[in-house]
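Encoded as structure tokens, the structure appears first; notes follow it.
The values are calculated or read from the model by the stated rules, or taken from the named source; none is laboratory data. Just so it is clear, the structure is predicted and the values come from calculations on it, not from any experiment. Note that we place each Cβ from the backbone using ideal geometry, even for glycine, and neighbour counts take in every protein chain shown.
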Amino acid sequence: MSAPMLMIEALGIVFGHGAARNRALQEVSFSVPQGGSFGLVGESGSGKSTVLNCIAGLLDRWTGTIKVADQVLQGRRKLSFSRQVQMVFQDPYASLHPRHTVDRTLREPLAIHRLGDASRRVVQVLREVGLGPQFRFRYPHQLSGGQRQRVAIARALILEPSLLLLDEPTSALDVSIQAEVLNLLQDIRTQRHLTYLLVSHDLAVVSHMCDQLAVMCQGVIVETISREQLQSGEISHPYTGQLLLAGKGYDRAAIDAFQDFLPTSQQ
Amino acid sequence: MDRPTGIITRTRDWLLSDTPASATQAAAGRAYLGLRLFGRNRLAVLGLAIIVALVALALFAPQIAPYDPIATDLTNRLQAPSTSHLLGTDEVGRDIFSRIVWGSRLTLYIIGLVAIIAAPVGILVGTVAGYFGGFIDIVLMRLTDIFLAFPKLILALAFVAALGPGIENAIIAIAITSWPPYARIARGETITFRNADFIRAIRLQGAGPIRIITGHIMPLCLSSLIVRVTLDMAGIILTAAGLGFLGLGAQPPMPEWGAMTSTGRAYILDHWWLITMPGTAIFVVSLAFNLLGDGLREVLDPRSDS
């Protein structure tokens, strides 16, 4: 196997001071091979999105090592970093500028990186995410949630990155749209040989999308397993079992049996 | 369907198209929707009509005004309104209607320049402070606080006293005292957007602070700022008139409305039209700007249309 696309070692971050001090991430380590797809699962507040923000450079003051394609990331990200790593955000209603047309949203990264042939690239990337040219000059308010998320994916793809960070890309969408978007992401990964790091609270989504996954709880990775292990139920940590159970639907008895695994667990 | 309505319908369809074919069409459609919303507010349309009339008055002042606004005619002094002098004459026989018409130029000049100076300074200071936060924010906002702490008219008076009376100095004085509220508004709005996903997304795509502030944050602050500036126009007119009234703004014989009310004060009991006519002009134009501002708020401010 080739060198890992993404390698994270002993990643930690602390928010707040004094009594409000919160160790949001502790000793998080994992690696994703070139062309691989890795899932981070956990409940709200488990720190999974924080990992993405650290990689993307949207948070600083973290400790540990992050390597993308064998290059250690530190300090401010270089301009070339944007052409290597891109991100799709959770809420498609918040991730598109409300006063910019789809065209402008997609053109802007091309202008920043001085890539020519903008018009052709925009039409092409829109076609790739399943949107026709008639969507090109619409404003976000003229699009549905699923269409917006497709535009957000197009925006991430237009710089031709090799690593895509997906922050709960479908959790804000209708169930019927979720499958469409997930399949689209799968197809794009195969076509473009991308590496995915997917964050989700939904084990079903992660097991559909990822070869490997890590379960996070309270800023710590409690278990790293493969898709096969998950599907055959070979799990070692009780928290993973609890997540698996929670994903199967609401069951009063099961919920009552749930326990908090660390003292300050959030609801 | 006959032909003219066909064209109108087609234009409307083009404007309201769900699938605009160009950026121009998308922008035009957006503007059309805003205009339609604005048109539903009758009072705002009235305000706009008055302001358009004011601009027309200023543009065609030489054609509209029947008399020279400065030439004195002592034989005809203090004439009551009549057919030859629509709004009467003042204490040196100048036609008040002509002076009000020519004075509209001064009024527009003042509010135009104040808006051009104060609004950009305010939005720049506010967005920069809000976006960067930290030390830059503290320095810029304390500076803003200092300017805010001065009573507007008094600081304007101090400036005029230091720089000498005159319309340009009055404009500078008003502009210097009116930018801090805009900076505050812009900063507040910027802070709500600063960590929005769409700003994080463009940052991740390598955009620098200048591109983010001018291209992404300013357009979002602009609408509430336009509303605020329009509503402040009335206050600016009143401050300018106040400075004129105190003899610190436009100097005689310039036909500035505030200065006109000031000279009319001496004759208020026997010759009411001297002070009433320019006073009414100030009132009508200020009211028009307030109505327009309210209408614009409905169109531009996303929080008001819920």
Can you tell me which condition B:Leu292 does not meet? The list is (1) under 21 Å from the mean Cα position of the chain (by Cα); (2) surrounded by fewer than 23 Cβ atoms within 10 Å (Cβ to Cβ); (3) over 25 Å from B:Leu155 (Cβ atoms), and all the others hold. (2)
List every residue pair whose Cβ atoms lie under 6 Å apart, where the two residues are 6 or more positions apart in sequence or sit on different chains, the first residue falls within segment B:72-88 and is surrounded by 15 or more Cβ atoms within 10 Å (Cβ to Cβ), and the second residue, located anywhere, is at pLDDT 85 or above and of a type in the set (Ser, Thr, Tyr). B:Asn76/B:Thr89; B:Gln79/B:Thr89
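To keep it simple, each residue is scored yes or no on (1) farther than 23 Å from A:Val32 by Cβ; (2) under 23 Å from the mean Cα position of the chain (by Cα).
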site	(1), (2)
A:Thr63	no, yes
A:Val68	no, yes
A:Gln71	no, yes
A:Ser82	no, yes
A:Met87	no, yes
A:Asp91	yes, yes
A:Arg104	yes, no
A:Pro133	yes, no
Here, helices (runs of 4 or more DSSP H) confined to segment B:139-245 with at least 1 residues that are aliphatic (A, V, I, L, M) and under 20 Å from the mean Cα position of the chain (by Cα) are B:152-163, B:167-194, B:218-245
Just checking, how many residues over segment A:76-95 are crowded, with 24+ Cβ neighbours inside 10 Å and within 7 Å of another protein chain (Cβ to nearest Cβ)? 4
For residues that are touching a Phe, Trp or Tyr at 6+ places or on another chain (Cβ under 7 Å) and farther than 21 Å from B:Leu140 by Cα, tally how many sit in segment B:201-215. 1
Which residue, of B:Gly206, B:Gly258, B:Gly264, is away from chain A (no Cβ under 14 Å), in contact with a Pro (Cβ under 9 Å, 6 or more places away or on another chain) and surrounded by fewer than 23 Cβ atoms within 10 Å (Cβ to Cβ)? B:Gly264
Within segment A:179-208, the residues that are within 18 Å of A:Val32 (Cα to Cα), of a type outside the set (D, E, K, R), at pLDDT 90 or above and part of a helix (DSSP H, G or I) are A:Leu185, A:Gln186, A:Ile188, A:Thr190
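A quick yes/no check of all residues on (1) in contact with a strand residue (DSSP E or B) (Cβ under 6 Å, 6 or more places away or on another chain); (2) within 19 Å of A:Leu11 (Cα to Cα); (3) among the hydrophobic types (A, V, I, L, M, F, W, C):
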| residue | (1), (2), (3) |
| --- | --- |
| A:Leu40 | yes, yes, yes |
| A:Ser46 | yes, yes, no |
| A:Thr50 | yes, yes, no |
| A:Arg76 | no, yes, no |
| A:Arg114 | no, no, no |
For A:Leu159, are the conditions met, namely being of a type outside the set (D, E, K, R), in contact with a Gly (Cβ under 9 Å, 6 or more places away or on another chain), away from every other protein chain (no Cβ under 12 Å) and surrounded by 19 or more Cβ atoms within 10 Å (Cβ to Cβ)? no
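Return yes or no: is B:Ala53 more than 14 Å from chain A (Cβ to nearest Cβ), small (Gly, Ala, Ser), part of a helix (DSSP H, G or I) and within 27 Å of B:Gly295 (Cα to Cα)? I'd like the intermediate steps shown before the answer.
Numbers: more than 14 Å from chain A (Cβ to nearest Cβ): yes; small (Gly, Ala, Ser): yes; part of a helix (DSSP H, G or I): yes; within 27 Å of B:Gly295 (Cα to Cα): yes.
So B:Ala53 passes the test.
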Determine whether A:Arg138 is touching a helix residue (DSSP H, G or I) at 6+ places or on another chain (Cβ under 8 Å), without any contact (Cβ under 8 Å) to a residue 60 or more places away in the chain, within 14 Å of chain B (Cβ to nearest Cβ) and part of a loop (DSSP other than H, G, I, E, B). yes
